[in-house]
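The values are calculated or read from the model by the stated rules, or taken from the named source; none is laboratory data. Predicted model, so just to flag it, every value in this text is computed and none were measured. Glycine gets a Cβ as well: all are built from the backbone with ideal geometry, and neighbour counts include every protein chain shown.
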Amino acid sequence: MAGQKWTIYWNEYSSDTYLYGSEISYHQKNDVEFKNNRMPPGTIIKQWYSKTNYQAQRIEPALPMIDGESVYQIRMDVECPKGQECLLRLLFYDRYDVESGSIILRDEVTNFRCPLKTYSYRLQLINGGATQFHFHSIVIREITNGTEEEVKTIQ
């Protein structure tokens, strides 16, 4: 059973995007083409935040508020050439901006639960050896009333 659903897109604001040698084409809201032949694996390509300082960053939060009591499903819609991949990393922070946990997501669809003391979090798109890809969206969905088999959590 699914609860609320949020769709995250790649906005044109570039301060949280890896630009060095990158070619980025914004075809549509849900179709961003990224190319960079010299970017090393493990590089953070793009970041989204659940909490921002508008005065400093001039961006609004792109991620929904989530809590440590619910289970969530995250779906990454990114087209990479065969043999190349992108990863997602979730970094969780407590109310004092101290990291309280992290999860690396390799699969297209993954269920997760964040630490109980999560106050905010970041979502990072990471290069897993890709030189080009088409980014469409990331969907976060709250899972409610699931059985233990349906809810395989990563902690």
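Any residue at all in region 62-69 that's over 19 Å from K117 (Cα atoms) and either in a loop (DSSP other than H, G, I, E, B) or not aromatic (F, W, Y) (or both)?
Initial filter on region 62-69 (over 19 Å from K117 (Cα atoms)): 62.
Next cut, either in a loop (DSSP other than H, G, I, E, B) or not aromatic (F, W, Y) (or both) only: 62.
Yes, that holds for at least one residue.
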Problem - Whichever residue in region 126-155 is outside any strand (DSSP E or B) and β-branched (V, I, T) and, among such residues, is modelled with the highest pLDDT - result: T131
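Restricting attention to region 110-125, which residues are in contact (Cβ under 8 Å) with a residue 60 or more places away in the chain and either part of a strand (DSSP E or B) or touching a His at 6+ places or on another chain (Cβ under 9 Å) (or both)? Quick ask: steps written out before the conclusion?
Step one: filter region 110-125 for residues in contact (Cβ under 8 Å) with a residue 60 or more places away in the chain, giving 119-125.
Passing the criteria: S120, Y121, R122, L123, Q124, L125.
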Problem - Tabulated pairs, region 12-28, first within 14 Å of N127 (Cβ to Cβ) and of a type in the set (S, T, N, Q), second at pLDDT 95 or above and part of a loop (DSSP other than H, G, I, E, B), C-beta under 6 angstrom, 6+ apart or interchain - result: S22/N36
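So, of the residues in region 57-116 that are of a type in the set (S, T, Y) and farther than 22 Å from S15 by Cα, which turns out to be farthest from the chain's Cα centre (by Cα)?
Narrowing region 57-116 to residues of a type in the set (S, T, Y): 70, 72, 93, 96, 100, 102, 110.
From what's left, farther than 22 Å from S15 by Cα: 70, 72, 96, 100, 102, 110.
Values: S70: 18, Y72: 13, Y96: 22, S100: 17, S102: 12, T110: 12 Å.
Once the filter is applied, the top-ranked residue is Y96.
Take the residues of region 1-23 that are among the charged types (D, E, K, R) and part of a strand (DSSP E or B): which is nearest to the chain's Cα centre (by Cα)? So that I can check it myself, show each step before the final result.
Of the residues in region 1-23, the ones among the charged types (D, E, K, R) are 5, 12, 16, 23.
Of the ones still in play, those that are also part of a strand (DSSP E or B) are 5, 23.
Numbers: K5: 14, E23: 20 Å.
Step by step, filter region 1-23, then rank; the result is K5.
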Practice task
Could you tell me whether any residue of region 24-37 is in a loop (DSSP other than H, G, I, E, B), touching a helix residue (DSSP H, G or I) at 6+ places or on another chain (Cβ under 8 Å) and either closer than 26 Å to F112 by Cα or of a type in the set (K, R) (or both)?
Solution key: no
Practice task
Restrict the check to region 32-45 and report whether at least one residue is at pLDDT below 95, over 12 Å from the mean Cα position of the chain (by Cα) and among the β-branched types (V, I, T).
Solution key: no
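Would you tally the residues in region 82-98 being out of contact with any strand residue (DSSP E or B) (no Cβ under 6 Å at 6 or more places or on another chain) and either in a strand (DSSP E or B) or exposed (fewer than 12 other Cβ atoms within 10 Å of the Cβ) (or both)?
In the first step, residues of region 82-98 are kept if they are out of contact with any strand residue (DSSP E or B) (no Cβ under 6 Å at 6 or more places or on another chain); the result is 82-85, 95-98.
If we keep only those that are either in a strand (DSSP E or B) or exposed (fewer than 12 other Cβ atoms within 10 Å of the Cβ) (or both) as well, we get 82-83, 95-98.
Total satisfying the criteria: 6.
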Problem - Out of S50, S22, S15, sole residue that is among the polar types (S, T, N, Q), surrounded by 10 or more Cβ atoms within 10 Å (Cβ to Cβ) and either out of contact with any strand residue (DSSP E or B) (no Cβ under 6 Å at 6 or more places or on another chain) or modelled with pLDDT of 95 or more (or both) - result: S22
Practice task
Return a yes/no flag: does region 38-54 have any residue that is out of contact with any Ser or Thr (no Cβ under 6 Å at 6 or more places or on another chain) and charged (D, E, K, R).
Solution key: yes
